[in-house]
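Worksheet for the structure shown next.
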Amino acid sequence: MGWPSRRPVSVVWVTVRAVSTKSVKRAFKYRFYPTDAQAAELSRTFGCVRKVHNLALAARTEAWTQRQERVNYNAASAMLTA
């Protein structure tokens, strides 16, 4: 039994955990083979995430260039529901 002929998708998950006074980074790498429907849904989801990220980045850039004002994560997050 061989691997499916679909194109693989790799995901890296990084965690940081505090152990006494040091922080330990761990990375886990996963590979999965989505169906055509799943690949389309992932493409749509990542497209939406990219759009939201770029809009937040544009708002932060505009706030800084026009008013020298910083927009932190909480303010950018609040813009989503405003």
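The values are calculated or read from the model by the stated rules, or taken from the named source; none is laboratory data. Every value quoted in this text rests on a predicted model; they were computed, and no experiment measured them. Positions of Cβ are backbone-derived with ideal geometry, glycine not excepted, and every protein chain shown enters the neighbour counts.
This table checks each residue for (1) in a strand (DSSP E or B); (2) under 21 Å from residue 10 (Cα atoms).
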| position | (1), (2) |
| --- | --- |
| 25 | yes, yes |
| 41 | no, yes |
| 47 | no, yes |
| 55 | no, no |
| 64 | no, no |
| 76 | no, no |
| 79 | no, no |
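Among the listed residues 14, 71, which satisfies the condition of being surrounded by 10 or more Cβ atoms within 10 Å (Cβ to Cβ) and modelled with pLDDT under 95? Steps first, please.
Details: 14 fails: surrounded by 10 or more Cβ atoms within 10 Å (Cβ to Cβ).
That would be 71, the only listed residue that is surrounded by 10 or more Cβ atoms within 10 Å (Cβ to Cβ) and modelled with pLDDT under 95.
State which residue pairs qualify: first residue touching a residue at least 24 places away in the same chain (Cβ under 8 Å) and inside segment 23-47, second residue in a helix (DSSP H, G or I) in any location, beta carbons under 7 Å apart, and separation of 6 or more residues or different chains.
34/42
Can you say whether residue 7 is in contact with a helix residue (DSSP H, G or I) (Cβ under 8 Å, 6 or more places away or on another chain), at pLDDT 90 or above and either in a loop (DSSP other than H, G, I, E, B) or surrounded by 10 or more Cβ atoms within 10 Å (Cβ to Cβ) (or both), as far as the supplied structure shows?
Numbers: in contact with a helix residue (DSSP H, G or I) (Cβ under 8 Å, 6 or more places away or on another chain): yes; at pLDDT 90 or above: no; either in a loop (DSSP other than H, G, I, E, B) or surrounded by 10 or more Cβ atoms within 10 Å (Cβ to Cβ) (or both): yes.
No, not satisfied.
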